[in-house]
1. Test each condition in (1) of a type in the set (K, R); (2) more than 11 Å from Q151 (Cα to Cα); (3) in a helix (DSSP H, G or I) for R117 and report the one that comes out false.
2. Could you tell me whether the range 137-147 includes any residue that is within 19 Å of A116 (Cβ to Cβ) and at pLDDT 90 or above?
3. Checking the structure you have, find out if any residue of the range 157-167 is part of a helix (DSSP H, G or I), out of contact with any Ser or Thr (no Cβ under 7 Å at 6 or more places or on another chain), over 16 Å from S26 (Cβ atoms) and not assigned by TED's automatic domain parsing to the domain that holds L114.
4. Which residue out of L36, L53 is farther than 26 Å from D199 by Cβ, assigned by TED's automatic domain parsing to the domain that holds A230 and either modelled with pLDDT under 95 or out of contact with any Gly (no Cβ under 8 Å at 6 or more places or on another chain) (or both)?
5. Looking for whichever is under 16 Å from the mean Cα position of the chain (by Cα), touching a residue at least 12 places away in the same chain (Cβ under 8 Å) and over 26 Å from E232 (Cβ atoms) here; the options are L5, L25, L36. Which one fits?
6. Exactly one condition in (1) more than 14 Å from the chain's Cα centre (by Cα); (2) of a type in the set (A, V, I, L, M); (3) under 21 Å from N99 (Cβ atoms); (4) surrounded by fewer than 22 Cβ atoms within 10 Å (Cβ to Cβ) is not met by A154; state its number.
7. Considering V191, V217, which residue is outside any helix (DSSP H, G or I), buried (at least 17 other Cβ atoms within 10 Å of the Cβ), within 19 Å of the chain's Cα centre (by Cα) and not hydroxyl-bearing (S, T, Y)?
8. All but one of (1) surrounded by fewer than 17 Cβ atoms within 10 Å (Cβ to Cβ); (2) modelled with pLDDT of 95 or more; (3) under 14 Å from the mean Cα position of the chain (by Cα) hold for G87, so report the exception by its number.
Amino acid sequence: MSPVLEVRSIAGGYGDLRVVRDVTLSVQRGKITALLGRNGAGKTTTLRLISGLNRLESGEVLLDGRDVSRLSAPKRARSGLAYVQEGKRVFRERTVRENIVLGTYAERPSGAQLAARVDEAFERFPALAAKRDSPAGLLSGGQQQMLAIAQALAARPRVLMLDEPTTGLAPTIVDELFDLVQALRSEGLGVLLVEQAVDFSLGVADDAVVINLGGVVFRGAADAPDVGAAVEAAYMGAHLGRG
């Protein structure tokens, strides 16, 4: 089966600073790929390059076999690629409902379609439904994270990229997030997960990619016997052979 997202030897960074030098990975439909590595390894930059927020210096990004490498970030979103950035990024002065509606901006569905997607979001996130008319800035940290995900899902993506979704969340909210990611997988969504909580990532993921110094040092099943050693070496800063 062809991957829904395929990333081939991408490189890039910020201005003249190259953070990612050679990353190749893929995400299958109904599967979760965990992207692991220590701080500064290039995980967030990889997601930004895939989403189009940062310019690719080289390499390709394919979505359902279509090369989207030269598309703008909004056009990639319209093609089915959703990115939830780190830090609970919501429109704090907008209501919960307005935030969800803004998630569909790139696609601009009809009125009936939009209403259906808002209803769908509130069915998935009952805690948000109870606060639909409240400014997002008044939500708890966990609720803001759920709202950011609900906003991304409102666009009906084929791939959801999550960057550090558990940061700063209470353990009970982390458990809810774990259940949510599992449910999205069962619905056929491809998920690319960046998360410092290694046990969380490997516990929910099907596949794992470990990067160090902007390049891939391990790629394989999340439950592979050698994934633990690869993660440990990468987090300790050791130099490994490419996987």
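The values are calculated or read from the model by the stated rules, or taken from the named source; none is laboratory data. What you see is a predicted model; the values in this text were computed from it and never measured. Cβ placement follows ideal geometry from the backbone for every residue including glycine, while neighbour counts extend to all protein chains displayed.
1. Checking R117 against (1) of a type in the set (K, R); (2) more than 11 Å from Q151 (Cα to Cα); (3) in a helix (DSSP H, G or I), the one that fails is (2).
2. Within the range 137-147 (the criterion being within 19 Å of A116 (Cβ to Cβ) and at pLDDT 90 or above), the answer is yes, since at least one residue qualifies.
3. No: zero hits.
4. After ruling out the rest, the residue left standing is L53.
5. When all the criteria are applied, what remains is L5.
6. The number of the failed condition is (4).
7. Of the residues listed, the single one that is outside any helix (DSSP H, G or I), buried (at least 17 other Cβ atoms within 10 Å of the Cβ), within 19 Å of the chain's Cα centre (by Cα) and not hydroxyl-bearing (S, T, Y) is V191.
8. For G87, the exception is condition (2).
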